[in-house]
Amino acid sequence: MNCPHKNFIPPFPKPHKTKISFLKRFFKSRNSWIHTLFEKSYRMKLGDVRLPSGWLFMPVESSFVKQVMVDEWKEFPKHHKIEEVLKPLLGESIFTTNGETWRKQRAMIDPAFAHTRLEKAFPLMQQAVDDMMLRLQEHPANSSWHVDLEMTHITADIIFRTILSTPLSAEDAEEIFTAFNQFQEATQRVMVLNTYKLPSFGAQRASKLAAARIRPILANIIKKRYDDFQAGIDVENKDILSALMIARDENTGAAFGYDELVDHVCMLFLAGHETTASSLTWTLYLIASCPDIQNKMRSEIAEVTSGNPISFEHIKKLKFTFDVFCESLRLYPPVGFFLRESAKNTKLHRKDVPKGSSVMVAPWLIHRNQDQWKNAQEFCPHRFADKSSEDSIKNSYLPFGAGPRICVGKGFANQEAVLILASLVQAFSFEVVASHKVEPVGRVTIRPKNGVLLKLSAI
């Protein structure tokens, strides 16, 4: 497959020639796990490494990934370490639970993200985007724009409006942005220290302090809504929180309690703003680096909308804009790895996988595997409309996960991303700031180390 635009290879850590030493891997992984990878990592089918905490297996070939995520997913539950490190922020939510607890929670949450709910949420998304456009219109011409901060604000604002029917202030947005960065850094250190069986008390404390700055912003709003709902006042099915309060267990008829609601809203907030904010930040950087792609998006938007504001009906017609977002998700998957553990002694390919082993399915590696993608390191949105890529897209593309545990908010995130990107490209042009180095780091999500600075100009 040849891309019809100039070949652009966006930044990623240069892989080491060979596997690095135990000690070097420990120090590098404390800040970013993708900086520990070596050249063979991007060609392998199934990797394994012996760590102090036990074996870690990394399936990359599509049939091995399917075994873990789809065919035998119950035998590869979420790793208990994920629950431990994310619990301060996400509590007992579907992101961390397993088994029957997860099944019941998922069945109660799924209806809140049905297609009809997405259409109902669109006007709330549009209001948040309109406010973002007003903020950007006041941005000084030819000055640097902190993309990641604004993308955190808009995606968090959309979550506040669609889940809680409340707009998000700039002050709260900045507090969340800062606290979540600190939470990511701390949880990365906790996981690495635990993996190497070293004390992690300081990092755990930092993680809990950062989570304690985010949860109250959400919990205070939920408490009033929950109390009103219990008193029969707040009963209109107007947003996602309403849908969650109305939801009942199909067998027992039980509803979510207040603490459960806080856990699930925190989970939806993380999944609905941090991952999408990261993806949009990368997408804007990529199109700023490729003016031809940006211009093609602008032409499509003009043709579909005839210059009018973007409506719900336009979203599915903006196919190239969506392909650009998909390619950004391929190169910079918001969740760089899904960590599972083997519930019993089993096999992956011809390798024995002892019970309790860690199994890491890493979209970062799968999406960049040279045997599964042509020109794997290149930014080429056209691949998503190319028939030669159909097998890769079907079997080796999982930015939202795969199988029964695929992200509940996939449709929500795609709709939100296309709306935001189309609104921005319709009104502004974007250029990279040549003096600003962009470098990805792999923690809970794949984020730019020093953020992304762009220049934007009104059209």
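Select from region 328-359 the residues that are buried (at least 20 other Cβ atoms within 10 Å of the Cβ), among the hydrophobic types (A, V, I, L, M, F, W, C) and within 18 Å of residue 72 (Cβ to Cβ) and list them in ascending order.
338, 348, 353, 359
Looking at region 273-294, can you tell me whether even one residue there is open to solvent by 40 Å² or more (accessible area, probe 1.4 Å) and over 21 Å from the mean Cα position of the chain (by Cα)? Explain how you work it out, then say what you get.
Going residue by residue through region 273-294, those that are open to solvent by 40 Å² or more (accessible area, probe 1.4 Å) are 291-292.
Next, only the ones that are over 21 Å from the mean Cα position of the chain (by Cα) stay: 291-292.
The answer is yes, given that some residue of region 273-294 is open to solvent by 40 Å² or more (accessible area, probe 1.4 Å) and over 21 Å from the mean Cα position of the chain (by Cα).
Can you tell me which of 113, 122 is open to solvent by 10 Å² or more (accessible area, probe 1.4 Å), among the aromatic types (Phe, Trp, Tyr) and more than 20 Å from residue 225 (Cβ to Cβ)?
Details: 113 fails: more than 20 Å from residue 225 (Cβ to Cβ).
Criteria check complete, one pass: 122.
Counting only residues that are under 27 Å from residue 9 (Cα atoms) and among the charged types (D, E, K, R), which one in region 295-323 is most open to solvent (accessible area, probe 1.4 Å)?
Applying the first criterion (under 27 Å from residue 9 (Cα atoms)) to region 295-323 yields 295-301, 318-323.
Filter once more, keeping what is among the charged types (D, E, K, R): 296, 298, 300, 319, 323.
Details: 296: 94, 298: 49, 300: 31, 319: 132, 323: 25 Å².
Here the answer is 319.
Quick check on region 229-247. Is at least one of its residues of a type outside the set (S, T, N, Q), in contact (Cβ under 8 Å) with a residue 60 or more places away in the chain, surrounded by fewer than 20 Cβ atoms within 10 Å (Cβ to Cβ) and closer than 30 Å to residue 53 by Cα?
no
Which of the residues that make up region 255-269 are open to solvent by 50 Å² or more (accessible area, probe 1.4 Å) and outside any helix (DSSP H, G or I)?
We begin by selecting, within region 255-269, every residue open to solvent by 50 Å² or more (accessible area, probe 1.4 Å); these are 258-260.
Scanning region 255-269 gives no hits.
Out of everything in region 422-442 that is open to solvent by less than 50 Å² (accessible area, probe 1.4 Å) and either within 24 Å of residue 31 (Cβ to Cβ) or among the basic types (Lys, Arg) (or both), what residue ends up being nearest to the chain's Cα centre (by Cα)? If you could, list the steps in order and put the result at the bottom.
Restricting attention to region 422-442, the residues satisfying the condition of being open to solvent by less than 50 Å² (accessible area, probe 1.4 Å) are 422-425, 427-430, 433, 436, 438-442.
Then keep just the ones that are either within 24 Å of residue 31 (Cβ to Cβ) or among the basic types (Lys, Arg) (or both); that gives 433, 436, 438-442.
Values: 433: 25, 436: 24, 438: 19, 439: 17, 440: 14, 441: 14, 442: 12 Å.
Step by step, filter region 422-442, then rank; the result is 442.
With 157, 131 as the choices, which residue is of a type outside the set (Phe, Trp, Tyr), open to solvent by 20 Å² or more (accessible area, probe 1.4 Å) and part of a helix (DSSP H, G or I)? Steps first, answer last, please.
Details: 157 fails: open to solvent by 20 Å² or more (accessible area, probe 1.4 Å).
After applying the criteria, what remains is 131.
If you go through region 134-154, how many residues are of a type in the set (Asp, Glu) and either at pLDDT 90 or above or open to solvent by less than 10 Å² (accessible area, probe 1.4 Å) (or both)?
Taking region 134-154 first, the residues of a type in the set (Asp, Glu) are 138, 148, 150.
The next check asks that each one be either at pLDDT 90 or above or open to solvent by less than 10 Å² (accessible area, probe 1.4 Å) (or both); those that pass are 148, 150.
Count: 2.
For residue 259, are the conditions met, namely being among the acidic types (Asp, Glu) and touching a residue at least 24 places away in the same chain (Cβ under 8 Å)? First the steps, then the outcome.
On the way: among the acidic types (Asp, Glu): yes; touching a residue at least 24 places away in the same chain (Cβ under 8 Å): yes.
So residue 259 fits the description; yes.
Going by the structure shown, is residue 204 surrounded by fewer than 22 Cβ atoms within 10 Å (Cβ to Cβ), under 21 Å from residue 275 (Cβ atoms) and either without any contact (Cβ under 8 Å) to a residue 40 or more places away in the chain or out of contact with any Asp or Glu (no Cβ under 8 Å at 6 or more places or on another chain) (or both)? Steps first, please.
Values: surrounded by fewer than 22 Cβ atoms within 10 Å (Cβ to Cβ): yes; under 21 Å from residue 275 (Cβ atoms): no; either without any contact (Cβ under 8 Å) to a residue 40 or more places away in the chain or out of contact with any Asp or Glu (no Cβ under 8 Å at 6 or more places or on another chain) (or both): yes.
So residue 204 fails the test.
As an exercise: evaluate residue 163 against (1) modelled with pLDDT of 85 or more; (2) among the β-branched types (Val, Ile, Thr); (3) open to solvent by 60 Å² or more (accessible area, probe 1.4 Å); (4) within 19 Å of residue 409 (Cβ to Cβ) and give the number of the one condition it does not meet.
(3)
Just checking: which of the helices (runs of 4 or more DSSP H) contained wholly in region 10-117 hold 2 or more residues that are over 30 Å from residue 350 (Cα atoms)?
By residue number, 22-29, 80-90, 99-109.
Among the residues of region 103-119, is there at least one that is free of Cβ contacts under 8 Å to residues at least 12 places away in the same chain and more than 30 Å from residue 311 (Cα to Cα)? Explain how you work it out, then say what you get.
First pass over region 103-119, keeping only residues free of Cβ contacts under 8 Å to residues at least 12 places away in the same chain: 103, 114, 116.
Those left that are additionally more than 30 Å from residue 311 (Cα to Cα): 103.
Scanning region 103-119 turns up at least one residue that is free of Cβ contacts under 8 Å to residues at least 12 places away in the same chain and more than 30 Å from residue 311 (Cα to Cα).
Which residue is farthest from residue 381 (Cα to Cα), if the candidates are limited to region 25-38 and must be free of Cβ contacts under 8 Å to residues at least 24 places away in the same chain and touching a strand residue (DSSP E or B) at 6+ places or on another chain (Cβ under 9 Å)? Even if it seems obvious, please write down each step before you answer.
Within region 25-38, the first condition is being free of Cβ contacts under 8 Å to residues at least 24 places away in the same chain, and the residues that meet it are 25, 27-28, 36, 38.
From what's left, touching a strand residue (DSSP E or B) at 6+ places or on another chain (Cβ under 9 Å): 25, 36, 38.
On the way: 25: 33, 36: 28, 38: 26 Å.
Among those residues, the one meeting the criterion is 25.
Which residue out of 214, 222 is in contact with a Leu (Cβ under 8 Å, 6 or more places away or on another chain), within 21 Å of residue 334 (Cβ to Cβ) and part of a helix (DSSP H, G or I)?
Details: 222 fails: within 21 Å of residue 334 (Cβ to Cβ).
Testing whether each residue is in contact with a Leu (Cβ under 8 Å, 6 or more places away or on another chain), within 21 Å of residue 334 (Cβ to Cβ) and part of a helix (DSSP H, G or I) leaves just 214.
Could you list, in sequence order, the residues of region 34-78 that are farther than 17 Å from residue 369 by Cα, buried (at least 20 other Cβ atoms within 10 Å of the Cβ) and at pLDDT below 95?
Listed by number, the list holds a single entry, 78.
The values are calculated or read from the model by the stated rules, or taken from the named source; none is laboratory data. Quantities reported herein were computed from a predicted structural model and do not represent experimental measurements. A quick note on method: Cβ atoms are made from the backbone with ideal geometry, for glycine too, and the neighbour counts reach across all protein chains shown. In case anyone asks, the SASA skips ligands and DNA or RNA and just uses the protein heavy atoms, side chains included. Shrake-Rupley method; radii C 1.70, N 1.55, O 1.52, S 1.80 Å.
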